[in-house]
1. Tell me the relative contact order for the chain as a rounded percent, counting alpha carbon contacts under 8 Å between residues six or more apart.
2. Using the 2.2 N^0.38 Å rule of thumb for compact globular proteins, work out how the stretch 2-53 stacks up: its C-alpha Rg over that value, please.
3. Using only the Cα atoms of the chain, what are the Rg and Dmax in Å?
4. Taking 0.36 nm per residue of separation and subtracting the Cα-Cα distance, what length does fully extending Ala5 through Asp80 add?
5. Report the FRET efficiency, 1/(1 + (r/R0)^6), for Thr25 and Gln68, where r is their Cβ-Cβ distance and R0 is 30 Å, rounded to 0.05.
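Nothing in this text is a laboratory measurement; each read-out follows from the coordinates by a stated rule. Bear in mind the structure is a predicted one, so any value in this text is a computation, not a measurement. Here Cβ is always computed from backbone atoms with ideal geometry, including for glycine, and neighbour counts include all displayed protein chains.
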Amino acid sequence: MSEGARDLTAAIRAKLASGELPSATPEKVWAGKGTGLPRRACGLPITVNNIEFEVDLPGVRAAMRLHQGCLTVWDQYRKDFPPEDVAAFRRRKFI
Ligand SMILES: [Zn+2]
């Protein structure tokens with residue numbers, strides 16, 4: 001694993017542990033064009049030249065948007081954390 005990949009993994013694990021990123025199983029994942037806005041997992045924008053992945057989570061209206069690499073790491077490590085209750089998501093408005 002490269003240093004960058006290790007940093008990303010550590011950042012995403014820390015956000016899962018703090019609750020900043022959800023651990024729920026996605027209902028659907030969509031792929032689309034980036035919008036240039038910074039994204040929660042890594043804090044970096046997904047440019048219009050890149051593919052953005054929209055993750056629909058149970059009980060949450062707005063999708064969480066991630067880079068492909070961030071989605072892969074998040075999906076791999078979210079399973080290490082207990083699934084959250086939906087009410088907690090809504091209160092935190094994590095998107
Ligand atoms: Zn990212």
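1. Result for the chain is 29 percent.
2. On the way: Rg = 12.3 Å, N = 52, 2.2 N^0.38 = 9.9 Å.
For the stretch 2-53, the normalised Cα radius of gyration is 1.25.
3. In order Rg, Dmax, the Cα atoms of the chain give 12.7, 37 Å.
4. 25.2 nm
5. On the way: r = 19 Å, r/R0 = 0.62.
Once the sixth-power term is evaluated, E becomes 0.95.
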